[in-house]
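Read the structure below first, then the notes.
The values are calculated or read from the model by the stated rules, or taken from the named source; none is laboratory data. Since we're looking at a predicted model, the values are computed, not measured. Cβ sites come from the backbone with ideal geometry, for glycine too, and all protein chains shown count toward neighbours.
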Amino acid sequence: MQETHEPDAKGPAALQLRRVAIDTYRENVAYLHRDCEVYRAEGFQALSKVEVSANGRRILATLNVTSDPRIVQCHELGLSEDAFAQMGVLPGHPATISQAEPPASIAALHRKINGERLTREDFHAIVRDIAEHRYSKIELSAFVVATNRGELDREEVFFLTEAMIASGRRVDWRERLVVDKHCIGGIPGNRTSMLVVPIVAAHGLVCPKTSSRAITSPAGTADTMEVLANVELPFDRLSEIVREHRACLAWGGTAELSPADDVLISVERPLSLDSPGQMVASILSKKIAAGSSHLVLDIPIGPTAKVRSMPEAQKLRRLFEYTAHRLGLSLDVVITDGRQPIGNGVGPVLEARDVMRVLENHPLAPIDLRQKSLRLAGRLLECDPDIRGGDGYAIARDILDSGRALEKMRAIMAAQGAKPFDHERPELGALSFEVVAERDGVVTGIDNLQIARVAQLAGAPKVQGAGVDLARKLGEPVRAGEPLYRVYAAFPADLEFARLATQRFSAYTLGDAAEVPHVFVEF
């Protein structure tokens with residue numbers, strides 16, 4: 001039944017709200033019929049920015065115009081799913097629509113497009129307009145590309161990070177020590193956070209882990225955790241979970257932490273852009289907004305990682321350290337081995353399987369995922385002044401081997417709303433094929449980018465059971481016809497896309513044992 005109201009607006013701009021069931025992914029979209037009197041009278045244009053008001057609330061949206069009355073009729077104003085939810089009213093509620101004022105920061109955006117250096121005030125103005133949805137997707141794309149092409153200097157990165165923190169809420173846990181761990185990404189299967197968090201929480205440290213969904217990968221921490229439990233929880237509920245269990249593993253989008261970052265990610269994902277400046281601002285703004293006082297940051301290096309060399313890693317490290325220091329965050333950067341995927345599975349269900357096997361000390365648990373997680377957890381535990389430097393690894397190992405980490409993980413899952421999951425028989429895509437070795441040899445290279453691409457073409461992360469299950473890792477021998485990995489998909493088209501990609505390049509290089517590349521990392 002539709003809600004009925006006295007109109008809260010007068011004049012020709014009074015229309016009835018209609019929920020248009022279209023997911024426009026982080027973009028507010030309004031819909032008007034082409035024959036609507038308001039559309040013709042106000043001189044609106046398609047893709048222009050409009051302001052929608054109802055019941056005392058106001059949102060900015062991008063206007064779409066339709067001739068189909070099944071989408072919206074002449075007396076109605078349609079809103080996409082996210083936009084309608086923000087209004088907090090029922091269908092049929094009266095609303096007004098008007099031209100939106102141009103973003104106040106548009107001149108600063110144009111200067112950045114021209115390659116100019118921006119001030120602190122410029123970045124705060126731009127980020128404020130982004131968080132308030134005043135920018136169109138085209139303008140957002142221009143900002144992302146401009147900051148990617150003309151690399152931000154370190155002062156600009158600090159200004160951008162500071163502005164992104166200011167755009168949302170900032171949590172105060174009223175704890176002396178609040179820890180977190182983050183990886184810059186680019187390594188498939190690298191689900192160390194889902195092991196580090198229960199280990200350090202079992203020790204007693206506060207670790208409120210809020211993660212983004214995958215940007216350019218087949219799964220993010222939130223995508224994988226969603227296989228095991230709910231990750232989209234109201235902030236108040238997340239706070240309760242953290243205070244009771246010392247940790248959470250959730251999607252950060254509902255917490256209103258650095259909301260401008262979520263908007264920017266919606267553009268970075270389809271463009272596959274992740275510039276150093278944007279990366280630093282995105283990661284540090286979320287961690288500081290979430291109340292972290294200490295952060296361990298993982299920068300993997302390898303031939304097909306985001307960072308390809310030690311000099312590049314050191315340059316990025318210095319940028320992170322400079323920005324973190326300016327913002328009062330204690331940062332420990334660790335440079336790790338990024339020559340190949342971590343663990344065996346790539347894709348939400350497969351990665352969840354690997355995590356649970358490590359937590360349960362299962363004989364098939366991937367050793368590399370276990371070892372890397374223990375070392376990172378050890379570094380984080382050493383933030384505790386009661387733990388001597390160098391003792392963290394042994395303490396982390398004891399917590400994992402004793403089952404305390406598994407117990408803590410199960411408690412976090414139950415608090416967030418656990419989902420049934422059997423890692424012995426995970427629900428994988430019903431369709432699959434194997435990629436086999438064409439000759440005898442030793443695995444001398446695994447292309448992270450291609451493995452990620454194959455998993456994405458197979459449907460990950462949207463299809464949880466899609467992905468790649470690795471059978472061989474670097475340095476391991478293989479005979480002709482033996483499997484290198486298996487690809488899982490739920491739909492024939494996805495399977496065929498993935499198959500064609502593997503036929504062009506399997507992602508594996510075979511050779512002699514002496515040809516396996518070495519990498520100099522910190523552990």
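Mind checking whether some residue in region 415-427 is in a helix (DSSP H, G or I) and touching a His at 6+ places or on another chain (Cβ under 9 Å)?
Yes: one or more hits.
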inquiry  = Considering only region 269-291, I want to know if a residue exists there that is surrounded by 23 or more Cβ atoms within 10 Å (Cβ to Cβ), assigned to a strand (DSSP E or B), touching a strand residue (DSSP E or B) at 6+ places or on another chain (Cβ under 8 Å) and not β-branched (Val, Ile, Thr).
reply    = no
query = Hey, among the residues in region 113-127 that are at pLDDT 95 or above and in a helix (DSSP H, G or I), which one's nearest to the chain's Cα centre (by Cα)?
reply = Val127
ask   = On the given criteria, is Val50 more than 19 Å from Ala260 (Cβ to Cβ) and part of a strand (DSSP E or B)?
value = yes
query = Mind checking which residues of region 144-162 are among the aliphatic types (A, V, I, L, M) and part of a helix (DSSP H, G or I)?
reply = Val144, Val145, Ala146, Val157, Leu160
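Among the listed residues Gly467, Gly445, identify the single one that is on the phi > 0 side of the Ramachandran plot and not aromatic (Phe, Trp, Tyr).
Gly467
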key: Hits in region 216-265 - residues which are at positive phi and of a type in the set (Lys, Arg)   = Arg246
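Take the conditions assigned to a strand (DSSP E or B), surrounded by fewer than 20 Cβ atoms within 10 Å (Cβ to Cβ) and of a type outside the set (Asp, Glu) and apply them to Ser141. Does it pass?
Values: assigned to a strand (DSSP E or B): no; surrounded by fewer than 20 Cβ atoms within 10 Å (Cβ to Cβ): yes; of a type outside the set (Asp, Glu): yes.
No.
Residue by residue through region 269-317, note down the ones that are of a type in the set (S, T, N, Q) and more than 29 Å from Leu238 (Cβ to Cβ).
Ser272, Ser275, Thr304, Ser309, Gln314
Would you list the helices (runs of 4 or more DSSP H) that sit entirely within region 163-248 and hold 2 or more residues that are under 28 Å from Ser275 (Cβ atoms), touching a residue at least 12 places away in the same chain (Cβ under 8 Å) and of a type in the set (Asp, Glu)?
Fully inside region 163-248 and qualifying: 221-228.
Considering every residue within region 471-482, establish whether at least one is in contact with a Lys or Arg (Cβ under 9 Å, 6 or more places away or on another chain), under 24 Å from Glu226 (Cβ atoms) and either touching a residue at least 60 places away in the same chain (Cβ under 8 Å) or not in a strand (DSSP E or B) (or both).
Start the filter on region 471-482 by keeping residues that are in contact with a Lys or Arg (Cβ under 9 Å, 6 or more places away or on another chain), which leaves 471, 474, 478-480, 482.
Now narrow it down to the ones that are under 24 Å from Glu226 (Cβ atoms): none.
Within region 471-482 (the criterion being in contact with a Lys or Arg (Cβ under 9 Å, 6 or more places away or on another chain), under 24 Å from Glu226 (Cβ atoms) and either touching a residue at least 60 places away in the same chain (Cβ under 8 Å) or not in a strand (DSSP E or B) (or both)), the answer is no, since none of the residues qualifies.
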request  = Could you pull out the residue among Gly459, Gly475, Gly481, Gly511 that is surrounded by 17 or more Cβ atoms within 10 Å (Cβ to Cβ) and either at pLDDT 95 or above or closer than 16 Å to Asn344 by Cα (or both)?
outcome  = Gly459
message = I'd like to know if region 279-300 contains one or more residues that are among the β-branched types (Val, Ile, Thr), under 27 Å from Gln450 (Cβ atoms) and touching a Lys or Arg at 6+ places or on another chain (Cβ under 7 Å).
response = yes
query = Within region 374-393, which residues are assigned to a helix (DSSP H, G or I) and in contact with a Leu (Cβ under 9 Å, 6 or more places away or on another chain)?
reply = Leu374, Leu376, Ala377, Leu380, Leu381, Gly392, Tyr393
remark   = Over region 447-456, the set of residues surrounded by fewer than 24 Cβ atoms within 10 Å (Cβ to Cβ) and either touching a residue at least 60 places away in the same chain (Cβ under 8 Å) or closer than 16 Å to Val349 by Cβ (or both) is Asp447, Leu449, Gln450
task = Give region 322-342 a look and list any residue that's touching a strand residue (DSSP E or B) at 6+ places or on another chain (Cβ under 6 Å) and either among the β-branched types (Val, Ile, Thr) or not in a loop (DSSP other than H, G, I, E, B) (or both), or say none.
result = Ala324, Ser330, Leu331, Asp332, Val333, Val334, Ile335, Thr336
request  = Would you please name the residue that is nearest to the chain's Cα centre (by Cα), looking only at residues in region 263-289 that are under 17 Å from Tyr322 (Cα atoms) and of a type in the set (Val, Ile, Thr)?
outcome  = Ile283
query = Hey, among the residues in region 204-215 that are in contact with a helix residue (DSSP H, G or I) (Cβ under 9 Å, 6 or more places away or on another chain), surrounded by fewer than 24 Cβ atoms within 10 Å (Cβ to Cβ) and modelled with pLDDT of 95 or more, which one's nearest to Ser266 (Cα to Cα)?
reply = Val206
inquiry  = Any residue in region 417-438 that is assigned by TED's automatic domain parsing to the domain that holds Val487 sitting within a Cβ distance under 6 Å of a residue that is surrounded by fewer than 16 Cβ atoms within 10 Å (Cβ to Cβ) and aliphatic (A, V, I, L, M)? List the pairs, counting only those 6 or more apart or interchain.
reply    = Ala437/Ala480
Members of region 327-374 that are crowded, with 21+ Cβ neighbours inside 10 Å, of a type in the set (D, E, K, R) and closer than 28 Å to Ile288 by Cβ = Glu351, Lys372
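The rows are residues; the columns are (1) part of a loop (DSSP other than H, G, I, E, B); (2) outside the structural domain of Arg213 (by TED's automatic domain parsing); (3) closer than 16 Å to Glu438 by Cβ.
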| residue | (1), (2), (3) |
| --- | --- |
| Gln464 | yes, yes, no |
| Arg499 | no, yes, yes |
| Ser506 | yes, yes, yes |
| Glu522 | yes, yes, no |
ask   = Under 8 Å by Cβ, and 6 or more places apart or on different chains, what pairs join a residue from region 282-293 that is of a type in the set (S, T, N, Q) with one that is surrounded by 24 or more Cβ atoms within 10 Å (Cβ to Cβ) and part of a helix (DSSP H, G or I)?
value = Ser282/Met164; Ser282/Asp261; Ser282/Leu264; Ser285/Thr161; Ser285/Met164; Ser285/Asp261
request  = Identify all residues within region 76-92 that are surrounded by fewer than 22 Cβ atoms within 10 Å (Cβ to Cβ) and either among the acidic types (Asp, Glu) or outside any helix (DSSP H, G or I) (or both); write none if there are none.
outcome  = Glu76, Glu81, Asp82, Gly88, Val89, Leu90, Pro91, Gly92
